[in-house]
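S.K.: My structure is below; once you've seen it, I'll send some questions.
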Amino acid sequence: MNALSKKETKSNPTLPVARPGRRIEMELQGFAYRMVNTGHGSHRFGNCEICGKHVDTIYHLTQTQRYEYDGKTGMTHHNCFSAWGHKDCLAKLTNERVA
């Protein structure tokens, strides 16, 4: 991977490539979210990461970013987040991130 500092990578809209000394220019196209019901609650995964309260059924939310390169569309987790918690708390988080 390129020897970029964290600051340079975050501020640059291109993503580094695994091969040393090369970069690929990508057009970032927005975020996509996936929310999964884990089937378990706070007894297994702990409290909601958003509000800190007990959860009967914990959901896991992951954010990915769409990009286009050379006419092909792909997804990456680069500079994205994931969280565990109440379905409503996580849904609010996606609305805040999108706006």
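Each reported figure results from applying straightforward, stated rules to the coordinates on display, with no laboratory input. Quantities reported herein were computed from a predicted structural model and do not represent experimental measurements. In this analysis, Cβ positions are derived from the backbone assuming ideal geometry, glycine residues included, and neighbour counts consider all displayed protein chains.
S.K.: Within 10 Å of each residue's Cβ, count the other Cβ atoms and sort D70, D88 from fewest upward.
M.R.: D70, D88
S.K.: Treat every Asp and Glu Cβ in region 26-98 as -1 and every Lys and Arg Cβ as +1, leave all other atoms uncharged, and give the resulting dipole magnitude about the Cα centre to the nearest 20 debye.
M.R.: Roughly 200 debye, rounded to the nearest 20.
S.K.: With r as the distance between the Cβ atoms of K72 and R34 and R0 = 30 Å, compute the FRET efficiency 1/(1 + (r/R0)^6) and round to 0.05.
M.R.: FRET efficiency, R34 to K72: 0.90.
S.K.: By count of other Cβ within 10 Å, fewest leading, how are F31, F81 ordered?
M.R.: F81, F31
S.K.: Any idea which of Q29, H54, H77 is furthest toward the positive side of the dipole for region 26-98, if Lys and Arg beta-carbons carry +1 and Asp and Glu beta-carbons -1?
M.R.: H54
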